[in-house]
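Here the structure comes first, spelled out in structure tokens, and everything after it is commentary.
Bear in mind these aren't lab numbers, they're just calculated from the coordinates by the rules spelled out. Just so you know, these numbers come straight off a predicted model, no measurement behind them. Every residue, glycine among them, receives a Cβ derived from its backbone with ideal geometry; neighbour counts consider all protein chains shown.
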Amino acid sequence: MSAEFKDYYATLGISREASQDDIKKAFRKLARKHHPDVAKDRPGSEAKFKEINEANEVLSDPEKRKKYDRLGANWQHEGFAPPPGHGGAGGPDQEFHFGGTGFSDFFEQYFSGGSRYGFPHEEAPDFRQAGAPRSRRGSDIEGDILVTLEEAMQGTLRPISLQTRNRLTGQVETHSFQVRIPPGATDGRRIRVPGQGEPGQGGGPAGDLFLRVRHAAHPDFTSEEADILHELDIAPWEAVLGTEIVVPTLDGSIKLRIPAGAENGQKLRARLRGLPKGKSGERGDFYVILKVQLPSALSDEERQLWEKLRDVSTFQPRSAR
Amino acid sequence: MSSEPSSGDPPVFEDEADLTYTIDVIAGLAGVDPLTVLRYQEQGWIRSARAAAEGDAPAWFDAESLRQLRRIEYLRSICGVNETGLKLILSLLLEVEQLREECRQLRR
């Protein structure tokens, strides 16, 4: 169960010294280019999109990034022992391995929330009555599954494989199955896959697999429960004078009216354009967050107009309240 | 929870989010006594998906409560944690999870 080292910095095309802001920018640029909805080569871009997402997941998290940087330095010497304190059981006990979750083997091994709850072989209490064979339920296994916002919108069927080492025979067993990701699967929500955890012992039932949904980062949207958020850059005069702008949502564009006197950071809501809420037919909302952008390069004419505005304006941003 | 081994395709697991269990079923799935479930619920350690309705209608539990129940049993019977320790650990686990989610949300 070995994994290939991933160079996340190369994936995002940034240096090891890149700031958090650099990472965000690089991710957005690449994600926009390779997003499965826009790219021409769909299958190829999907794999690429996942790679970019994974790199972003690790490098945008200061803790994971630190760990990754340490790992990189010792890469050749480290071997492939899972790090200590990893998940619920950790250590050599953690002998399972996912496929199809959208994360690479490398990520699974070092950064995922994959963990095991249950009855580690050695520590199991001896409830056995004299002579009776010990029957024990297998451990539950927990892991993350990367779900794009589009998948969360439509729902999808995901093929998963799980390798576990049989404690009795030492053999690696692979189980393949498909898991339904329901429309409206929110970030953090767990999906229970009964009987796909570790095998039981002595005729005991197998444990369950709990897959935690992780929404893939998207170049244009983020999610908050069933709501979708979109940051929209606007010009100062658009904020002051108001305007209409066509903005993308997860299912088609909407025409958004920005009221005159809109403020930077203001949230505008389009009702019921977010993710579905379960089977109820209800939906979350779509929020546009206004980001007023200031021009940096000015033509002579523009400069004159700003100067004129300065001279004429009665606006006093620092006036006493 | 349906398996379709017919065509040789891997079995499909349907989403169970809307599935709820009675106290007896969830106790059976976790291998504990229903009274234990009731006690944990009273302590606020596991939440029911749907609270006991008016009258004496029983509470219903979901997959999240099942996971929590199994974690409690793991801490109690394998790690040998007593009730005082359990209370502390469960509140810490909850807090860590919430903080992690908050951090994640802030980074996005």
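How would B:I78, B:I26, A:I141 line up from fewest to most surrounding beta-carbon atoms within 10 angstrom? Intermediate values should be presented prior to the final figure.
Working: B:I78 15, B:I26 23, A:I141 28.
Going from least to most buried by this count: B:I78, B:I26, A:I141.
Which lysines have a Cα less than 30 Å from the Cα of A:K308, not counting those fewer than 8 places away in the same chain?
Cα-Cα hits under 30 Å: A:K291.
What average number of partner chain Cβ atoms lie no more than 10 Å from the Cβ of the residues making up B:74-81?
The shielding value for this peptide is 3.
Give the average, rounded to an integer, of partner chain Cβ atoms located within 10 angstrom of each Cβ in A:277-286. Mind showing how you got there, number by number?
Numbers: counts 0, 3, 3, 1, 0, 0, 0, 0, 0, 0.
For this peptide, the per-residue mean of nearby foreign Cβ atoms is 1.
Arrange the following residues from fewest to most other Cβ atoms within 10 Å of their Cβ: A:F5, A:F210. Don't skip to the end; give the middle numbers.
Details: A:F5 14, A:F210 22.
Going from sparsest to densest Cβ surroundings: A:F5, A:F210.
Determine the relative contact order of the range A:221-311: mean sequence separation of Cα pairs under 8 Å and six or more apart, normalised by residue count, in whole percent.
Numbers: 159 pairs, mean separation 29.3, N = 91.
Computed over the range A:221-311, the figure is 32 percent.
State which entries of A:K25/A:K64; A:K6/A:K64; A:K25/A:K66; A:K6/A:K67; A:K40/A:K255; A:K33/A:K277 exceed 25 angstrom in Cα-Cα distance in the structure shown. Please report the intermediate quantities before stating the final value.
Numbers: A:K25/A:K64 19 Å; A:K6/A:K64 14 Å; A:K25/A:K66 20 Å; A:K6/A:K67 13 Å; A:K40/A:K255 27 Å; A:K33/A:K277 30 Å.
Those over the limit are A:K40/A:K255; A:K33/A:K277.
Which GluC sites (Glu not before Pro) does the range A:2-55 hold that lie in a coil by DSSP with at most 14 other beta carbons within 10 Å? Numbers along the way, then the final one.
Details: sites: A:E4, A:E17, A:E46, A:E51, A:E54; in loops: A:E4, A:E17.
Hits after loop and neighbour filter: A:E4, A:E17.
By average Cβ neighbour count within 10 Å, what is the ranking of A:176-186, A:251-261 from highest down?
Working: A:176-186: 20.5, A:251-261: 11.9.
The densest-packed peptide leads the list: A:176-186, A:251-261.
Considering every residue in A:204-212, what mean count of other chain Cβ atoms within 10 Å of its Cβ is obtained?
Values: counts 1, 2, 0, 1, 5, 1, 5, 1, 0.
For this peptide, the per-residue mean of nearby foreign Cβ atoms is 2.
Assign one of three labels to the range A:172-321, namely rounded, prolate or oblate, based on the Cα gyration tensor with a ≥ b ≥ c the square roots of its eigenvalues; rounded applies when a/c is under 1.5, prolate when it is not and a/b is larger than b/c, and oblate otherwise. Provide the component values of the computation, followed by the final result.
Working: a/c = 3.76, a/b = 3.17, b/c = 1.19.
Prolate, since a/c reaches 1.5 and a/b exceeds b/c.
Tell me which GluC sites (Glu not before Pro) from the range A:229-296 have a DSSP coil assignment and no more than 16 other beta carbons within 10 Å of their own.
Working: sites: A:E231, A:E238, A:E244, A:E263, A:E282; in loops: A:E263, A:E282.
In loop regions of the range A:229-296 (DSSP not H, G, I, E or B), the sparsely surrounded GluC sites (Glu not before Pro) are A:E263, A:E282.
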